[in-house]
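Below you'll find the structure, written out as structure tokens, and then a few comments.
A short reminder: the numbers here are calculations on the coordinates, not readings from a lab. Fair warning: this is a prediction, and the values are worked out from it, not measured in the lab. Note: ideal-geometry Cβ built from the backbone for every residue, glycine included; neighbour counts use all protein chains shown.
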Protein chains: 2
Amino acid sequence: MARYEQIAGDLRDAIICGDYPIGAQLPSEAELAARFSAARGTVRQAVAVLVAEGLVGSRQGARRIVLGSERSQSFAELHSFAQWARSMGYRASGIVLASQRRPATSSEAVRLAVAPGDEVLSVLRLRRLDGEPVLIERTVYAGWIAPAVEKLDPSCESVTQELYESVGLVFAYGEHLIDAVAAGAEEARLLGVRRGSPLLRQRRTTTTQEGRPVECSDDRYRAGSVTFSIRNSTSANSLVRRAAE
Amino acid sequence: MARYEQIAGDLRDAIICGDYPIGAQLPSEAELAARFSAARGTVRQAVAVLVAEGLVGSRQGARRIVLGSERSQSFAELHSFAQWARSMGYRASGIVLASQRRPATSSEAVRLAVAPGDEVLSVLRLRRLDGEPVLIERTVYAGWIAPAVEKLDPSCESVTQELYESVGLVFAYGEHLIDAVAAGAEEARLLGVRRGSPLLRQRRTTTTQEGRPVECSDDRYRAGSVTFSIRNSTSANSLVRRAAE
DNA sequence: TAAGCGAACTTGTACAAACAAGCCAGACCA
DNA sequence: TGGTCTGGCTTGTTTGTACAAGTTCGCTTA
């Protein structure tokens, strides 16, 4: 592990455990450099991590201040429902309701960077949290990964983890579109809510390290089950508001 | 403007206008350094900006690749409904429906970092996009900024901009919680939808550069009007999934 | 033909130095 | 008392160097 990551970890721990409460000032770069016997550049890299996480605010001339004190999740935790649930102390389960190879629609072809009509794998999954159905996942996998997905156990807990262990696939980049929709008849039945009741929709496209799209998914959460959280700032804003088409 | 910001801007423009299409490789750091006659460190800082924006993917040993080609919004555009609408070519308007000073509830006191019972300003606004009502904003302002807010025109288009011009207030950090809720009777009437129909809810707390909370808000968008978009990666994940309380 | 190896290339990490720019508090002055 | 100003502190920017670590691709070899 890199030196700056260690330093960032130490500082993060100190913030989370309350050594530096919200609103408090962090030590200066010079002091941190002395304390960790590292160069100033290395310390700057470390605090840049915390700034990116939204835990720390930074502006020229003034001491850095603590903005938040919650542990932030890794990309893997965000991407994998099972990994997230486990790290939060919940019990996750899932079941494949339908799985079908079919030609890609034109919009899917664009998002998966394949030719229109190329074969893709469409999977419908119901996910439960502590036994309660909370999420309907409609995932479309690119053709080249379809065989590995079809080999999975239909009640497989963590698709992400299984795909990593079986073919070494790692998800690295994602784009997420979040909005609200009304539950259709099938969704209402599966999630145990009334038709037309609100669902939180997350449409995502995920790619490998090489930038090759693996899957695009339409995930619908029962209202009141999960919330998405984002911290941002003038210097780091990954959240964007868009008009719906 | 800093050199690395210029370089980042040039590269961003090149990506957006299609010189480097999605999936393409960026020139190496050495080549960019030569082309812009800058040190490698400066070039690294420039591409780090693009990586943080999610436009570019980066991993050790391999050329950087283009992941997306959409202009990302500034913090101000995300925070200010009016500024966002204007930059997207829409016409935004807003009207204050209610404005009232009252003691802070305990949860508001925590989020605004004031004492419970301290006076806050609660404002209810209806926002329109091209004349259509799309958003109900329930904003609670900390007491110290209340006088400036009360001086604003009730039909003021951009609260953010007016507050900047009148008292020099700049919003710098934000935390956002996004989920879906059902429309209540009043919300349904104001937004022109049926009661119980889905709304996209964004609860946010915004602070100044100094880390001082200014406002917390409960914004509810009519379903189908706006979508939130986030790009992330293994190295930069500001999006987090949380269980609803 | 296919696996393996290695060299060249590319990004990541760390250190050092110097200057620029913004913040803050205490001193000073009207 | 109140405002201004200055000097020290702190973060931001840029350059340079050196090495570490991962990728890629062509060549060799079995």
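Summary table
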{"read-out": "Shape box of the protein assembly as shown [Cα atoms, principal axes, largest first, Å]", "value": "63, 59, 44"}
{"read-out": "Nearest 10 degrees, 0 to 90: helix B:3-16 Cα axis against chain B principal axis", "value": "90"}
{"read-out": "Fewest-first sequence of B:E187, A:E132 by Cβ atoms within 10 Å of each Cβ", "value": "A:E132, B:E187"}
{"read-out": "Chain A, helix-only ellipticity at 222 nm - DSSP H runs n ≥ 4, -39,500 (n - 2.57), divided by all residues, nearest 500", "value": "-8500 deg cm²/dmol"}
{"read-out": "Candidates per GluC sites (Glu not before Pro) in the range A:66-126, loop by DSSP, up to 16 other Cβ within 10 Å", "value": "A:E70"}
{"read-out": "Residue order, fewest to most surrounding Cβ atoms within 10 angstrom, among A:M88, A:M1", "value": "A:M1, A:M88"}
{"read-out": "Total formal charge among the other residues, if their Cβ is under 9 angstrom from that of B:L135, Lys/Arg +1 and Asp/Glu -1", "value": "+3"}
{"read-out": "Computed over chain A: relative contact order in percent, which uses C-alpha pairs under 8 Å that are six or more apart", "value": "14"}
{"read-out": "Residue mean of other protein chain beta carbons inside 10 Å, A:85-95", "value": "1"}
{"read-out": "Per-residue mean of C-beta atoms belonging to partner chains within 10 Å, peptide B:194-203", "value": "5"}
{"read-out": "Cα extents of the range B:110-170 along the three principal axes, largest first (Å)", "value": "40, 23, 17"}
{"read-out": "Exposure proxy order (Cβ contacts within 10 Å, fewest to most) of B:S99, B:S80", "value": "B:S99, B:S80"}
{"read-out": "Nm distances between copies for A:A113, ranked from closest, using label points 7 Å along Cα→Cβ", "value": "4.2"}
{"read-out": "9 Å beta-carbon shell around B:L67, net charge (K/R +1, D/E -1)", "value": "0"}
{"read-out": "Value in Å of the Kirkwood radius, where the range A:1-61 supplies the Cα pairs that are averaged", "value": "11.6"}
{"read-out": "For A:L163, net neighbour charge (Lys/Arg +1, Asp/Glu -1) across residues whose Cβ lies under 15 Å away", "value": "-4"}
{"read-out": "Average partner coverage of B:217-227, which counts Cβ from other chains inside 10 Å", "value": "4"}
{"read-out": "0 to 90° range, to nearest 10: angle between helix B:40-53 axis and chain B longest Cα axis", "value": "40"}
{"read-out": "Charge dipole (debye, nearest 20) of the range A:1-72; +1 at Cβ of Lys and Arg, -1 at Cβ of Asp and Glu", "value": "240"}
{"read-out": "All Cα pairs of the range A:1-142, percent lying beyond 22 Å", "value": "59"}
{"read-out": "Interatomic Cα distance distribution for the range B:75-222, bins of 5 angstrom, percent", "value": "2, 10, 18, 23, 22, 16, 7, 2, 0"}
{"read-out": "Stretchable slack from B:L152 to B:D10, in nm (0.36 nm times residue separation minus alpha-carbon distance)", "value": "47.2 nm"}
{"read-out": "Inter-copy separations for B:E186, label at 7 Å along Cα-Cβ, nm, ascending", "value": "3.9"}
{"read-out": "Label point 7 Å beyond Cα along the C-beta direction, distances from A:G168 to other copies (nm, shortest first)", "value": "5.9"}
